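Below: one structure, written as C-alpha cells.
No value in this document is a laboratory result; all are computed from the given coordinates. This is a predicted model, so every value here is computed, not measured. Note that each Cβ is placed from the backbone with ideal geometry, even for glycine, and that neighbours are counted across all protein chains shown.
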Amino acid sequence: MSAVLPSLRPPPCPSQVNCKEASNSQLCLLYMSSILTSIGSGSIKPCVVTFAADQYDMRRSAVASHNVGWGWGFGIPAIGMALSIIVFIFGSSLYNKLKPEGSPLVRLAQVVVAAARKRKEEMPLDPGMLYQNRELDAAISVDGRLLHSNQFKWFDRAAIVTDEDAEDLKSPNLWRIATVHRIEELKMHRQNAAHMVSRNITCNGLLPSP
C-alpha cells in the first residue's frame, strides 16, 4: 500500500538534506505490516511442509525407489545443479560486478576509535554540522547515503569536526573522524546484533517470547 499511496510514506528527498521523517501513522503502518508478515510467515512455514508431504503416497514412493533406483533420485538433482552452474558461468558477463572498497570491519573499527578519541568533545546542537563527504563515501554508498538517526548518539562523536580535522577534510584520517554514513552503518550493525541476541535468547527459552 505504501508503494502505491504517497501519503503512507515520507516524501522523496533527493538531496538527502533536512529530509522529512516518517510520521507516527506511517511508522504504525510499517510496524503493523512487519507484525503481520511475521505472523503469516511463521504460520505458513510449519504447515506447508506437512501439507506437501501429505500429497505423496509413501507406499507408492517406496515401490518407485526400488523400481527406479536411488541413482536416478540423486542423479536428476545433480544434473539440474550442473546445468545451473553452466548457466551461471555463461551469464556472468551480464552481472553487475561491484569492486570491493576496503573491509567493512575496518570501517566499523574506525568509527569506534574516532568516537572514543572525541568522547570529551561537545556535540553540536545541529546534526547538520557533523562531518559528511559524498566523494569519500561514493564507493560504499552506491544505493544512496544513510541519513543521520538519533539512535546510539555516542557514536556521532566520531563525526565532530575539530580544528585539527578541518585542516584536511578532503583526505581525512579515518581513525580520527568518520562520516555520518559510516556511523550509521555501525548503528545498523549494532541494532541488528542486538535483535539477533534477543531472538536467540528467546528461542532458547531463557526469556518468554513477546
Practice task
Take the Cβ-Cβ distance between Val87 and Ala3 as r, set R0 to 35 Å, and report the resulting FRET efficiency rounded to the nearest 0.05.
Solution key: 0.65
Practice task
Past 32 Å, Cα to Cα, is the threshold; run Lys45/Lys97; Lys99/Lys187; Lys120/Lys187; Lys97/Lys170; Lys45/Lys99; Lys99/Lys120 against it and keep the listed order.
Solution key: Lys45/Lys97; Lys45/Lys99; Lys99/Lys120
Completion exercise
Result row for the chain, helices from DSSP H with C-alpha axial extent 18 Å or more and mean Kyte hydropathy at least -0.5, is 24-54, 70-90, 104-117
Problem - Along the chain, longest interval not containing exposed chymotrypsin sites (Phe, Trp or Tyr not before Pro), exposed being DSSP loop plus at most 10 other Cβ atoms within 10 Å - result: 96-210
Completion exercise
Once phi for every residue in segment 8-22 is put through the Karplus expression 6.51 cos²θ - 1.76 cosθ + 1.60 (θ = phi - 60°), the whole-Hz ³J(HN,Hα) values, with Gly and Pro written as x, are 9, 9, x, x, x, 9, x, 6, 6, 10, 6, 6, 7, 7, 5
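What's the extension gain from Gln16 to Leu36 if we count 0.36 nm per residue and subtract their Cα-Cα distance?
On the way: separation 20, 0.36 × 20 = 7.20 nm, distance 3.05 nm.
Separation in residues times 0.36 nm, less the Cα-Cα distance, equals 4.2 nm.
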Handout entry: Relative contact order (%) - criterion: Cα under 8 Å, at least six apart; region: the chain
Key = 18
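Treating the beta-carbon of each Lys and Arg as +1 and of each Asp and Glu as -1, no other charges, what is the dipole magnitude of the chain about its Cα centre, to the nearest 20 debye?
Working: 22 positive and 18 negative charges, 108 e Å.
Here the chain has a charge dipole of around 520 debye.
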Exercise for the section: Quote the relative contact order of segment 104-203 in percent (integer), defining contacts as alpha-carbon pairs under 8 Å separated by 6+ residues. Expected result: 41
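How large is the helix-only mean residue ellipticity at 222 nm for the chain, computed as the sum of -39500 (n - 2.57) over DSSP H runs with n ≥ 4, divided by its residue count, in deg cm²/dmol to the nearest 500? Please list the in-between numbers first.
Working: 7 runs with 109 residues, N = 210.
After summing the helix terms and dividing by the residues of the chain, the value is -17000 deg cm²/dmol.
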Problem - Selected from Ala193, Ala114, Ala78 as most flexible by GNM, with the chain as the system and alpha-carbon contacts under 10 Å - result: Ala78
Exercise for the section: Taking trypsin sites (Lys or Arg not before Pro) as candidate sites, keep only those in a DSSP loop with at most 11 other Cβ atoms within 10 Å, then name the longest stretch of the chain containing none of them. Expected result: 21-96
Completion exercise
Relative to the compact-globule estimate 2.2 N^0.38 Å (N residues), the Cα gyration radius of the chain stands at a ratio of 1.52
Completion exercise
For Glu101 and Leu125, extending 7 Å from Cα along the Cα-Cβ vector and measuring point to point gives, in nm, a value of 3.4
